[in-house]
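None of the figures in this text is laboratory data; all of them are computed from the coordinates on show. Bear in mind that the values here come from a model prediction, so they are computed numbers and not experimental data. Please note: Cβ atoms are built from the backbone with ideal geometry, for glycine as well, and neighbour counts cover all protein chains shown.
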Amino acid sequence: MNKSLIILNQQPLIPPFMLAAITAAENAYDDIYYVNTKYPNNTNAVDKTARIHFVHPSKLQNACGFLISFFSLFKPVVFRDMVKCIRDKKEFFHIIKLFLIEQSVHHRIFPQAKKIIKQIEENSEVVVLSTWFDACAYSAATLKRTFPKAKAVSLAHSYEILTIRNPYVPYRHVKYKHQFLDGVFFISHIIRDMYFSGVGQLPIQFVEKTHVCYLGTYKDNDKLNPLDNNSFNICTCSRVVSLKRLDVLMEALREWNHGNINWTHIGDGPLLEGYKRAALEVMENNSKVHIDFVGRISNDAVKAYYADHPIDIFVNLSDIEGLPISIMEAISYGIPVIATDVGGTREIVNPQTGYLIDADITPSMVREILWNYEKMPLEGKDQLRKNAFDYWKTNFDAKTNLKILFDQIDNLATSN
């Protein structure tokens, strides 16, 4: 009997971790169906074979799904959570909109996946994998309820499960999803604990169906970042938004009074232009500092940058995180890290990979850590870089971790 994987997602791009998952899934499944609300923009990043099928609704099906979502608000599982959310949050129109969007995603994805399962279930073992623990997980749970012989699981990351980032999480059909899904795979031990703290006590049978699996990052070589003794280069890679606290690093460099330092930031966001102006001001007043905001580039281009451009240390000063893929990618090239102790970051950053610092870090403290690292003997830097790569290879190599994930899914007991 064939084994088929149906992946559910709603983003315009296939996220990097899912690109790696698709590569790993090719070794575990005969057919892979990627079901999305529309055709993803980056399917060229997938090595297309006859076993990978991209499925999305037509314009008419999208319109129908949106109309049906209005009526689905009165389904008991949806209506109950929506009313409770309105009562607790003292909001109305915003919450109605949130639930409408969720149901709209569901009613565009669910029919496509349902049609696939009807066509293949007699001759195939079916696994449904939701990319996020959101509307797609609701669809996966409903598919499981509709097709009890299928296996349905979901990944769980950060924003869609943590109440500190999304206060509506406890109202998004939590018990329904846990009841019908065969397994939920969290990206971090700390993130799973934070999730349970946020949503409150769940029945033990639901908790027992949760697991932790580091997804990791994909790298097809053992190339390390080159080290240049003649310059001191730091790098950040993130959206340019307030929670990333790039302003703390900017202020740290404003008063930099040691040797020349180069800061490269990769990524865009709503605050990008403001930071560019601030960077020009810093450079005009401090000739030892050079700052370059390169904007958004593809994930392949990020990896190429890490492979070819000397980076002494990677910096992440976020005040909220899940398990940062950006840090995984940095250490995969042997780049040590300075990062704040938030979310699951401490599961990556430790004395073997760099410096885990307090979340309430100040610019002067960041400046001191950077200077202490800059003046470290070359032998110490070289050892830390090797240690960082080894830690990634042992704990966050997607080739290994995703095989483990699909093996775990395969071994799950199906809760009919």
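Quick one: angle between helix 189-199 and the longest Cα principal axis of the chain, in degrees between 0 and 90, rounded to 10, please. Once rounded, one gets 60 degrees.
Each stretch of four or more DSSP H residues adds -39500 (n - 2.57); spread over every residue of the chain, this sum gives -14000 deg cm²/dmol at 222 nm. How tilted is helix 16-25 with respect to the longest principal axis of the chain? Cα atoms for both, answer in degrees (0 to 90, nearest 10). Approximately 60 degrees, to the nearest 10.
Amide H contacts under 5 Å for Phe133: His157, restricted to partners 5 or more places along the chain or on a different chain, H placed in the peptide plane at 1.01 Å from N.
Round to a whole angstrom and tell me the spacing of the C-alpha centers of region 354-416 and region 1-35. Each part's Cα centre sits 26 Å from the other's. Expressed to the nearest 5 percent, the antiparallel share of DSSP beta bridges inside region 232-395 is 0 percent. Computed from phi, the 3J(HN,Hα) profile of region 149-158 under the Karplus parametrisation 6.51, -1.76, 1.60 (θ = phi - 60°) reads 6, 6, 10, 10, 9, 9, 7, 9, 10, 9 Hz, with x in place of Gly and Pro. Taking other C-beta atoms within 10 Å as the exposure proxy, Leu202, Leu370 rank Leu202, Leu370 from fewest upward.
Among the listed options (i) 36, 22, 22; (ii) 37, 26, 21; (iii) 40, 24, 20, the one matching semi-axes √(5λ) of the Cα gyration tensor in Å as calculated from these coordinates is (iii). The residues packed around His265, meaning those with a beta-carbon under 10 Å from its beta-carbon, carry a net charge of 0 if Lys and Arg are +1 and Asp and Glu are -1. A Gaussian network model of the chain, with springs between Cα atoms under 10 Å, assigns the largest mean-square fluctuation among Pro226, Pro15, Pro270 to Pro270. Under 5 Å between amide hydrogens, built in the peptide plane, is the criterion, and for Val337 it picks out Phe314, Gly354, Tyr355 among residues at least 5 positions away or on other chains. Each label point was placed 7 Å from the Cα along the Cα-to-Cβ direction; for Tyr159 and Leu378 their separation is 4.4 nm. When you restrict to C-alpha pairs under 8 Å that are six or more residues apart and normalise by the size of the chain, the relative contact order lands at 14 percent. Modelled label positions at Ala359 and Arg254, each set 7 Å beyond Cα in the direction of Cβ, lie 2.5 nm from each other. Close amide-amide hydrogen proximity is noted between Ile14 and Asn41, Asn42, each under 5 Å apart and 5 or more residues distant or on a separate chain (H modeled in the peptide plane; Pro and chain starts excluded).
Between Lys75 and Asn286, the modelled label-to-label distance comes to 5.4 nm, taking each label 7 Å out from Cα in the direction of the beta carbon. Here the 3J(HN,Hα) profile of region 313-330, calculated from phi with Karplus coefficients 6.51, -1.76 and 1.60 at θ = phi - 60°, is 7, 9, 10, 9, 10, 4, 9, 9, 8, x, 10, x, 5, 4, 6, 4, 5, 5 Hz, Gly and Pro shown as x. Computed from phi, the 3J(HN,Hα) profile of region 124-135 under the Karplus parametrisation 6.51, -1.76, 1.60 (θ = phi - 60°) reads 8, 7, 9, 10, 9, 10, 8, 5, 9, 8, 9, 4 Hz, with x in place of Gly and Pro. Roughly what angle does helix 59-72 make with the longest principal axis of the chain, taking Cα atoms, 0 to 90 degrees, to the nearest 10? The helix 59-72 is inclined about 80 degrees to the chain.
Selection among Leu402, Ile6, Ile164 by position relative to the dipole of the chain gives Ile6 as farthest towards the positive end (Cβ unit charges, Cα centre). Qualifying trypsin sites (Lys or Arg not before Pro) in region 143-223, where qualification requires a DSSP coil assignment and no more than 12 other C-beta atoms within 10 Å, comprise Lys149. For region 348-395, the list of trypsin sites (Lys or Arg not before Pro) that fall in a loop by DSSP and count at most 14 other C-beta atoms within 10 angstrom reads Lys375.
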